[in-house]
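Take a look at the structure set out below.
Readers should treat all values here as calculations from the given coordinates under stated rules, not as data from a laboratory. It should be emphasised that the depicted structure is a prediction, and the values quoted were computed from it without experimental measurement. Backbone-built Cβ (ideal geometry, glycine too); neighbour counts: all protein chains shown.
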Amino acid sequence: MSSAEAPFPHTHLLGIEGLKEAEITQILDLADQYVEQNRRTNKKKDLLEGLTQINLFFENSTRTRMSFELAGKRLGADVINMSTSTSSIKKGETLIDTASTLNAMRPDLLVVRHGSSGAVKLLSRKVDCAVLNAGDGKHEHPTQALLDALTIRRRKGRLARLSVAICGDVLHSRVARSNIHLLNIMGARVRLIGPPTLMPTGADKLGAEVFHDMEEGLKDCDIVMMLRLQTERMHGAYFPTISEYFSLYGLDYEKLAVAKEDALIMHPGPMNRGVEIDAAVADDLTRSAYRNKLKWGWLCEWPALIC
Amino acid sequence: MSKYTLYKNARLLDPASSMDIKGELLTKNSKIAALGEKVDTPDEATIVDLKGMCLCPGLIDMRVFIGIPGADYKDTIVNTGEAAAAGGVTTVCVQPNTDPIIDTIPHIEHLAIRAKNALVNFIAMPAVTKQLEGKEMTEIGLMSRAGNRAFTDCSSTIENAAIMNRIFKYAAAFDALIVPHLAEPSLSNNGCMNAGALATRLGLTGIPTAAETIILERDMRLLKSTDCRYHASQITCADSIEVIDNAKNSGLRVTAGVSVPHLSLNEYAIEDYRTFTKLSPPLRSEEDRIAVVNALKDGIIDVIVSGHDPEDPESKRVPYELAEAGVIGLETLLNVSLEMYHNGSMELLDILSKMTSNPAKIMRLDSGVLKAGAPADLCIFDLSTPYRIDPEKMVSITKNTCFDGRPVQGRVMRTIVGGESIYQYDS
């Protein structure tokens, strides 16, 4: 189905880990083409015409689900959304039962988000169609990382040899894990910044340098990726107060001053202003790629669907 | 009339007396009558030629979970007995977390009645605290007097140190063995695998080894003021081994065990979220696995258990963190343990002692040895022929083994309980 030169060798997209540099480049190149497409009045294509895409969300999501819905529809697929509140999952149906029920409807593509790490992989083994991971537990969120990579590449022209600082709640973040994998594959240097309590064990073994002092970590970096504090995932106290957190790890102009002058600020959203990022920095259009990211959000979903 | 059977051309292996000779063994009814290079045999004896195969005491498995009563869909006592027999296990020590929980004499008697016709010996290990809640002691005194030697809350930690302290003091008066679960709940409750880089990569919440060692250290501190017998049934890490070693050296009456999966697999067995590798405590790092093997060799760890825990497919065909912990193990206790003999890590008699004479001593059983007068509970195995573990050929109803496809050497050929052959390998 691929419209790119070489066919994408994977049936599913379950994570960034295991992808090759050329494969990521292939997806990003494709996404680049769609930036133009997106600017036309007629945004539709017929690449996925006749195919059925089911967005299966076991976890709440608005933006990711809409992105996939939009991407699917603009590519001509029939898109069906299914979320836990409207399904029988709450009645005790297991993940595998759900998978086999959906499989019987012969979809061509399943876009799945689940709260448990590995759940999307498990599901992918039980269906006959392609499965796209839209986030599983604390494991991976590959399209978000691809989107971040696209944003960086469009702003900086490359990914290789850039210094990228990922700041905040790395412990609970699947986006951070996918980004670490992707940036390593593409030859960027990754730094992780956050309090020790929000840094997963062995983070340094994932191919990243770990900093607990934000200014030390931000020094001379090209990209500052802020993570949202996922307060809903926190089972206990990971830091004393929001104000202490903001003062030590919140991104403001003062801390940003040690980064490169043209350092790009990114945030997966939704932002907690005054928690992990200062409102003024967040809204600074010259520095922040937040709005661009929203605008391009669905672009990476496109090639991911096509491949 | 007495019934005699002679097992000749055997390699007799008795860890208790360090015997490893070519010889023969005669059983009379349910007991061992004589053994040696040559024994006087009555004319009416049945002769079984073992053709050089190994003959050792039947294995004693100190950690076996059963579904009966309460979860009949997982297994049956008949099936557990068959699986044990196929694994050369002649005595299983039943963990109390059935439904209802085994925490009173009537519950023990109920198990005894249901296990009466089972192929192997079922010994209950009753709960230490009522309903395994960690709050109130069970009738340790009465149950001890009735012949129960070991008490365990199997998979629940007794969190309250004051209660644990009283349990140790009270149990000591009855020579009762306390077998605790070692996991500090605040460190282990949300976790599903070993904490570390792999857990981070897989996005799974880790359980640090400290969860185990903290409870162990607390218990050692408390034990110092009592004379209680204590058995840490599943040691998984180097730090805990140090604690056990120190405790033994300082004279505490402490023994330790390890399960076969912790001896032979590390956390990387989880690879693609294989729920059949989910255990409590979890599989640890390779460094810890090696430390555990060395501790077994050095005698710091006394016992190998299977940790046999049948789980139905529905408990395992779910995302990793939601899956039930537990693997079956009765049929992989001996053959996987023998890897340590074949790879030169341990002597054969030494390995066998961890599944025969040592658990017998700890559980105060008269089996686990080859000597005249002991129960004729025997295991006959072929030491060398290689084969792959095939879950489909296993006797257990549930197939949740973590050793699917593993190449092993050592096959149980015949199992004898009370002088009767209850299992024979049929190729």
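The length gained on full extension between B:Asn249 and B:Ile290, counted as 0.36 nm times the residue separation minus their Cα-Cα distance, comes to 12.6 nm.
So what's Rg/Rh here for the range B:64-211, counting alpha carbon atoms and using the Kirkwood radius for Rh? All intermediate terms of the calculation are to be shown ahead of the outcome.
Values: Rg = 17.2 Å, Rh = 16.7 Å.
Rounded to two decimals, Rg over Rh is 1.03.
Taking every alpha-carbon pair under 8 Å whose residues sit at least 6 apart, chain A reaches a relative contact order of 19 percent.
In the structure shown, the pairs B:Lys371/B:Lys393; B:Lys116/B:Lys248; A:Lys121/B:Lys399; B:Lys316/B:Lys361 are assessed against 32 Å; a Cα-Cα span above that value is assigned to B:Lys371/B:Lys393; B:Lys116/B:Lys248; B:Lys316/B:Lys361.
For an R0 of 56 angstrom, estimate the FRET efficiency from the Cβ-Cβ distance between B:Asp43 and A:His10 and round to the nearest 0.05. Before the final figure, lay out the partial values.
Numbers: r = 73 Å, r/R0 = 1.31.
Efficiency at R0 = 56 Å is approximately 0.15.
With both labels modelled 7 Å from their Cα along Cα-to-Cβ, the A:Lys260 to A:Asp220 distance reads 1.1 nm. Here is the tail figure for the range A:33-143: Cα pairs spaced more than 22 Å apart come to 32 percent of all pairs.
Rounded to the nearest 10 degrees, the inclination of helix A:142-156 to the longest alpha-carbon principal axis of chain A is 60 degrees. Output the 0 to 90 degree angle, nearest 10, between the alpha-carbon long axis of helix A:21-39 and the longest principal axis computed from the alpha carbons of chain A. Taking Cα atoms only, the helix is inclined about 80 degrees. Computed over the range B:58-363, the quotient of the alpha carbon radius of gyration and 2.2 N^0.38 Å is 0.93. Proximity of backbone amide H atoms, modeled 1.01 Å from N, is registered between A:Glu209 and A:Val190, A:Arg191, A:Leu192 at under 5 Å, excluding neighbours fewer than 5 places apart on the same chain.
Between A:Thr241 and B:Asp20, the distance separating the two model label sites (each 7 Å from Cα on the Cα→Cβ line) works out to 6.9 nm. When each of B:His231, A:His114, B:His110 is scored by the number of other beta-carbon atoms lying within 10 Å, the sequence from fewest to most is B:His110, B:His231, A:His114. Of the GluC sites (Glu not before Pro) found in the range B:267-310, the ones in coil according to DSSP and having at most 12 other Cβ atoms within 10 Å of their Cβ are B:Glu271.
With the radius of gyration and the Kirkwood radius both derived from the Cα set of the range B:193-297, what is their ratio Rg to Rh? Walk me through the numbers before you get to the answer.
Working: Rg = 14.5 Å, Rh = 14.3 Å.
On the Cα set of the range B:193-297, Rg over Rh gives 1.01.
Projected onto its three principal axes, the C-alpha set of chain A covers 55, 44, 34 Å, listed from the longest axis down. Globularity index of the protein assembly as shown is 1.12 (Cα radius of gyration / 2.2 N^0.38 Å, N = number of residues). Database remark: amide H of B:Asn194 closer than 5 angstrom to the amide H of B:Ile207, B:Leu283 (H placed geometrically; neighbours at sequence offset of 5 or more, or on other chains; Pro and chain starts carry no H). Using R0 = 45 Å, the C-beta based FRET efficiency linking A:Arg154 and B:Glu314 works out to 0.40. Take every DSSP beta bridge whose two residues both sit in chain A; close to 5 percent of them are antiparallel. Using only Cα positions of the range B:16-64, each an equal point scatterer, no hydration layer, compute I(q)/I(0) via Debye at q = 0.24, 0.26 Å⁻¹ and quote the log10 values to two decimals. At q = 0.24, 0.26 Å⁻¹ the computed log10 ratios are -1.10, -1.22. Rounded to the nearest whole Hz, the Karplus-based 3J(HN,Hα) values (6.51 cos²θ - 1.76 cosθ + 1.60, θ = phi - 60°) of the range B:392-409 follow the sequence 5, 8, 6, 7, 3, 5, 7, 10, 6, 9, 9, 10, 3, x, 5, x, 9, 10, with x at glycine and proline.
Of the GluC sites (Glu not before Pro) found in the range B:318-427, the ones in coil according to DSSP and having at most 16 other Cβ atoms within 10 Å of their Cβ are B:Glu324, B:Glu347.
Taking loop as defined by DSSP and a crowding limit of 13 other beta carbons within 10 Å, which GluC sites (Glu not before Pro) in the range A:141-245 fit?
Details: sites: A:Glu209, A:Glu215, A:Glu216, A:Glu232, A:Glu244; in loops: none.
Of the GluC sites (Glu not before Pro), not one in the loops of the range A:141-245 has a Cβ with at most 13 other Cβ atoms within 10 Å.
Simple rule: put +1 on each Lys or Arg Cβ and -1 on each Asp or Glu Cβ in the range B:58-363, find the dipole, and look at B:Phe151, B:Ser264, B:Ile207; the Cα lying farthest toward the positive end is B:Phe151. The lysines within cross-link reach of A:Lys156, meaning a Cα-to-Cα straight distance under 25 Å and a gap of 8 or more places when in the same chain, are A:Lys20, A:Lys219, A:Lys255, A:Lys260, A:Lys293, A:Lys295.
Residues whose amide H falls under 5 Å from that of A:Asn81, counting only those 5 or more places apart or on a different chain, are A:Asn55, with hydrogens built in the peptide plane. Each residue of the range B:299-308 was assigned a 3J(HN,Hα) from its phi angle through the Karplus expression (A = 6.51, B = -1.76, C = 1.60, θ = phi - 60°), giving x, 6, 9, 9, 9, 10, 10, 8, x, 2 Hz with x at Gly and Pro. What the phi angles of the range B:54-66 give under the Karplus curve with 6.51, -1.76 and 1.60, with θ = phi - 60°, is a coupling list of 7, 10, 9, x, x, 6, 10, 9, 7, 9, 10, 9, 10 Hz, glycine and proline written as x. For a distance above 17 Å, tell me the whole-number percent of Cα pairs in the range A:179-243 that qualify. Distances greater than 17 Å cover 47 percent of the Cα pairs. On the basis of the beta-carbon distance and an R0 of 45 Å, B:Ala112 and A:Lys20 show a calculated FRET efficiency of 0.15. Considering only B:Gly203, B:Gly36, B:Gly257, give the residue with the highest GNM mean-square fluctuation for chain B, with springs between Cα atoms whenever their separation is below 10 Å. Residue with maximal mean-square fluctuation among B:Gly203, B:Gly36, B:Gly257: B:Gly203. Net charge dipole, the range A:131-180: roughly 380 debye, given to the nearest 20, about the Cα centre with Cβ charges of +1 for Lys and Arg and -1 for Asp and Glu.
Taking the DSSP beta bridges with both ends in the range B:58-363, the antiparallel portion is around 5 percent.
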